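The values are calculated or read from the model by the stated rules, or taken from the named source; none is laboratory data. Everything numeric here is computed off the predicted structure, so don't read it as measured data. So basically every Cβ, Gly included, is an ideal-geometry build from the backbone, and we count neighbours across all protein chains shown. Protein only, heavy atoms only, side chains kept; ligands, DNA and RNA dropped before computing areas. Shrake-Rupley method; radii C 1.70, N 1.55, O 1.52, S 1.80 Å.
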Amino acid sequence: MGNWTVNATPRTVAARVEKRKLDWTKLEQHLREIGTLHASIFRLVRDLTPALVLTAYWFFKHPDLMFQGPAWWYIPRVSVLELGMLGGITLVSRVVTGRRRGPDDELLHHEMAVSILAAFLCALAVYPCLLAKLDWASALQVDLGFFFATCILSLLVLGITCFIGWISIDTIIPKREVLIIGSGRGGQAAFEEMVDSPVYNVVGVLDDSFVGTGAMRDRYLGGLELLDTLLKENPVSVVYCSLPVKSMYEPIQQVIAVCEQFGVEVRHSSHLFQTKIATLDRHAGTNYSILRMVRDDYTRYAKRAFDILGSGALLLLSLPILIAAGIAIKLTSEGPIFFSQDRYGYHRRRFRMYKLRSMVMNAEVLQAQLESQNELGGPVFKIKEDPRVTKVGAFLRRTSIDELPQLWNVLIGDMSLVGPRPLAVRDVLKIEDSAQLRRFSVLPGITCIWQMSGRNNTDFENWIRQDLQYIDSWSLMLDLKILIGTIPAVLWGKGAM
């Protein structure tokens, strides 16, 4: 039971090859999970496609219909008619593609169908307007061209979006580790759906009275009392609770309470009642309710985009500083330029964090002899006058230059520019309060609120409180404020150890 890794039944080479083939069902599940076809940018481009096609036609084919002068770059003279056409077909496209889907609709088939229907209705709406400027034959020719071009562009947008989702399976977006609670019919259905999913990795099943299938038996870990321990010691992104609500209300409440402590997402089947006529109105095609402990919407993509652009630019700008610091480290002390260490990151996954070496080579060995001098309190180890720090290292720490290699961790997705600082394995193992582990429900960062308030001039309890405050009140604007507020703290060396 102490070994978390549970190996599935070995697959043959043929089965592995078959699994690599494009499975439309799995692609739909993946697209639905990551929200690609529900993202604001996709919806915006899809709804504006008819207007983009018509505008492009006016620009390059018939500039005289909309613009003053013989060329498209002349100052436009747009009449109320053109504005009405663009606004009308955009509204039609939005209404048609924005219809709510029933529970049995297939995602990709629905998107293709509504795209073609929107193009057809927009063509009907445009034709009477074209008659005001062209004869009926020319207007019909333009309208048919508009219809086919809109269909092609709409399907192309859908195809590009699906391609992005397809290449992200097991590459750009990693699988989410799922722990299933309950082995009854609900648990078995969830297991069958997730066990070979491109989105999830089923790491185990918990149930006080196991009644699952043979395949579930291979991943059965024990009773519900193990949930706290498993979440504390292993990376878990989602807990799927399939326990029956009527007879297991209190255990479900306990599962939710434990997951809230750790900041782990909880899902429960939406099919709470047996019905003969009524059907479940599912949002985005899901058949479960979701309890999220952190904000999860389109802004996470904006945050990741900002991380990539920011870390990439800062790495290039700081390259001369890194080279100079590396030379100084090599000239003044023995050992490598960079220091790397395992840290706990998102959902307590371990990753390798990089820094410029600011201590002697055997610093981690010497730490055991200095434990009694810890000044920070709690599980984290900090000493103001640390004898292991070299002279060059003291300067690098005071100016935070030693943290610059972590921009690489941000670039590859292990960290963010802003977030709770990643803790060493030694520190995490000393945390006794499970509620403090909720800080791992977001990506760790190079800087956070406590950096602005004096960096290491705080105790561990206050440090955790500020991390949780950041998680609960996160926004893009808060990240920007923290980044700006960190600059004077770094320049003045406030609270550095």
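Any chance segment 375-388 includes a residue that's crowded, with 19+ Cβ neighbours inside 10 Å, more than 23 Å from LEU437 (Cβ to Cβ) and not aliphatic (A, V, I, L, M)?
Yes, because at least one residue in segment 375-388 is crowded, with 19+ Cβ neighbours inside 10 Å, more than 23 Å from LEU437 (Cβ to Cβ) and not aliphatic (A, V, I, L, M).
Anything in segment 174-194 that is open to solvent by less than 10 Å² (accessible area, probe 1.4 Å) and of a type outside the set (A, V, I, L, M)? List them, or say none.
Answer for segment 174-194, where residues must be open to solvent by less than 10 Å² (accessible area, probe 1.4 Å) and of a type outside the set (A, V, I, L, M): GLY182, SER183, GLY187, PHE191.
Only residues in segment 152-175 that are part of a loop (DSSP other than H, G, I, E, B) count as the first member; pair them with residues that are modelled with pLDDT of 70 or more and β-branched (Val, Ile, Thr), Cβ under 7 angstrom, at least 6 apart or cross-chain, and list the lot.
LYS175/VAL199
Kindly indicate whether PHE351 is free of Cβ contacts under 8 Å to residues at least 60 places away in the same chain, of a type outside the set (Gly, Ala, Ser), within 17 Å of ASP427 (Cβ to Cβ) and not in a helix (DSSP H, G or I).
no
What's the total number of residues in segment 429-456 that are assigned to a helix (DSSP H, G or I), of a type outside the set (Ser, Thr, Tyr), open to solvent by 10 Å² or more (accessible area, probe 1.4 Å) and touching a residue at least 60 places away in the same chain (Cβ under 8 Å)?
Matching residues across segment 429-456 total 2.
Taking the conditions exactly as written (part of a helix (DSSP H, G or I), farther than 27 Å from ASP296 by Cβ and open to solvent by less than 30 Å² (accessible area, probe 1.4 Å)), does ASP467 satisfy them or not?
Criteria not met by ASP467.
How many of the residues making up segment 195-205 are within 18 Å of LEU230 (Cα to Cα) and either of a type in the set (Lys, Arg) or open to solvent by 10 Å² or more (accessible area, probe 1.4 Å) (or both)?
Number of matching residues: 2.
Kindly list, by first and then second residue, each pair from a residue in segment 458-486 that is under 16 Å from LEU443 (Cβ atoms) and charged (D, E, K, R) to a residue that is open to solvent by less than 50 Å² (accessible area, probe 1.4 Å) and in a helix (DSSP H, G or I), limited to pairs with Cβ atoms under 6 Å and residues at least 6 apart or on different chains.
Hits for this filter: ASP467/ARG439.
Filter segment 143-157 for residues that are open to solvent by 30 Å² or more (accessible area, probe 1.4 Å) and farther than 20 Å from ALA132 by Cβ and give the result.
If the condition is that a residue be open to solvent by 30 Å² or more (accessible area, probe 1.4 Å) and farther than 20 Å from ALA132 by Cβ, then PHE148, ALA149, ILE152, LEU153, LEU155, LEU156 are the ones that fit.
Can you confirm whether TYR249 is at pLDDT 85 or above and surrounded by fewer than 14 Cβ atoms within 10 Å (Cβ to Cβ)?
Yes; evaluated as a whole, the condition is true for this residue.
Quick check on this structure: which one of ILE401, ILE412, ILE383 is aliphatic (A, V, I, L, M), under 22 Å from the mean Cα position of the chain (by Cα) and under 26 Å from MET452 (Cα atoms)?
Of the residues listed, the single one that is aliphatic (A, V, I, L, M), under 22 Å from the mean Cα position of the chain (by Cα) and under 26 Å from MET452 (Cα atoms) is ILE412.
So GLY393 clears everything in (1) surrounded by 17 or more Cβ atoms within 10 Å (Cβ to Cβ); (2) in a helix (DSSP H, G or I); (3) within 25 Å of the chain's Cα centre (by Cα); (4) not aliphatic (A, V, I, L, M) except one condition, right? Which one?
Among (1) surrounded by 17 or more Cβ atoms within 10 Å (Cβ to Cβ); (2) in a helix (DSSP H, G or I); (3) within 25 Å of the chain's Cα centre (by Cα); (4) not aliphatic (A, V, I, L, M), the lone unmet condition for GLY393 is (3).
Only one of these is in contact with a Lys or Arg (Cβ under 6 Å, 6 or more places away or on another chain) and not in a helix (DSSP H, G or I): VAL178, VAL205. Name it.
The match here is VAL205.
Could you grab me the full set of residues in segment 108-143 that are of a type in the set (Gly, Ala, Ser) and assigned to a helix (DSSP H, G or I)?
Result: ALA113, SER115, ALA118, ALA119, ALA123, ALA125, ALA137, SER138, ALA139.
Please go through segment 323-335 and pick out each residue that is under 22 Å from LEU417 (Cα atoms) and open to solvent by 30 Å² or more (accessible area, probe 1.4 Å).
ILE323
Taking segment 411-428 on its own, how many of its residues are in a strand (DSSP E or B) and not hydroxyl-bearing (Ser, Thr, Tyr)?
Result for segment 411-428: 4.
Which residues, taken from segment 213-233, are open to solvent by 20 Å² or more (accessible area, probe 1.4 Å) and outside any helix (DSSP H, G or I)?
Correct list: THR213, ASP218, ARG219, TYR220.
Quick one: what pairs do we get from segment 359-372, first residue among the β-branched types (Val, Ile, Thr), second surrounded by 13 or more Cβ atoms within 10 Å (Cβ to Cβ), C-beta under 6 Å, 6+ apart or different chains?
Between residues of segment 359-372 that are among the β-branched types (Val, Ile, Thr) and residues that are surrounded by 13 or more Cβ atoms within 10 Å (Cβ to Cβ), the close pairs are VAL360/ARG388.
Any residue that is at pLDDT 90 or above, open to solvent by less than 80 Å² (accessible area, probe 1.4 Å) and hydroxyl-bearing (Ser, Thr, Tyr) - is there at least one of those in segment 309-316?
So far as segment 309-316 goes, yes, one or more of its residues are at pLDDT 90 or above, open to solvent by less than 80 Å² (accessible area, probe 1.4 Å) and hydroxyl-bearing (Ser, Thr, Tyr).
Has segment 153-168 got at least one residue that is among the β-branched types (Val, Ile, Thr), under 30 Å from LEU429 (Cα atoms) and touching a helix residue (DSSP H, G or I) at 6+ places or on another chain (Cβ under 9 Å)?
No, segment 153-168 contains no residue that is among the β-branched types (Val, Ile, Thr), under 30 Å from LEU429 (Cα atoms) and touching a helix residue (DSSP H, G or I) at 6+ places or on another chain (Cβ under 9 Å).
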